[in-house]
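Engineer: Below is the structure I would like to discuss, written out as structure tokens.
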Amino acid sequence: NAGTNKAASSSTTLNTRKLDEETENLAHERVPTELKKAIMHARMEKKLTQSQLAQMINEKPQIIQEYESGKAIPNQQIIGKLERALGAKLRGKK
């Protein structure tokens with residue numbers, strides 16, 4: 001039994017069991033459906049492409065695409081820029 005570190009192996013087993021028992025589903029917050037629709041609607045009202053809108057708020061077109069597809073993690077600064085550029089209220093009532 002030389003060379004085995006009993007203390008290390010037992011704590012590893014405990015940590016593994018804790019992880020196995022962990023049921024909380026950890027996921028990033030995503031763009032809500034209402035927000036995606038609001039961005040798309042406001043952009044189309046202004047007859048803008050995703051690229052044009054991205055240029056207006058000084059972000060990459062991919063950012064707009066991610067927001068409209070619901071894959072982006074909501075960023076209040078970007079949402080604020082979108083609201084100003086589109087002249088529309090995108091966030092919930094304050």
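The values are calculated or read from the model by the stated rules, or taken from the named source; none is laboratory data. Just so you know, these numbers come straight off a predicted model, no measurement behind them. Keep in mind that these areas ignore ligands, DNA and RNA; they rest on the heavy atoms of the full protein, side chains included. Shrake-Rupley method; radii C 1.70, N 1.55, O 1.52, S 1.80 Å.
Engineer: Would you mention how many residues in the range 38-59 are among the charged types (D, E, K, R) and either in a loop (DSSP other than H, G, I, E, B) or modelled with pLDDT under 95 (or both)?
Structural biologist: Narrowing the range 38-59 to residues among the charged types (D, E, K, R): 43, 45-47, 59.
Applying the additional criterion that residues be either in a loop (DSSP other than H, G, I, E, B) or modelled with pLDDT under 95 (or both) yields 46-47, 59.
Residues meeting the conditions: 3.
Engineer: Quick check, is residue 63 open to solvent by 80 Å² or more (accessible area, probe 1.4 Å) and among the hydrophobic types (A, V, I, L, M, F, W, C)? Outline the logic, then answer.
Structural biologist: On the way: open to solvent by 80 Å² or more (accessible area, probe 1.4 Å): no; among the hydrophobic types (A, V, I, L, M, F, W, C): yes.
No, not satisfied.
Engineer: Would you point out the residue of the range 66-91, among those that are part of a helix (DSSP H, G or I) and open to solvent by 80 Å² or more (accessible area, probe 1.4 Å), that is nearest to residue 36 (Cα to Cα)? It would help to see each step written out before you state the result.
Structural biologist: Filtering the range 66-91 down to residues part of a helix (DSSP H, G or I) leaves 66-69, 76-86.
Add one more test, that the residue is open to solvent by 80 Å² or more (accessible area, probe 1.4 Å), and what stays is 76-77, 84.
Numbers: 76: 14, 77: 16, 84: 16 Å.
In this case the residue turns out to be 76.
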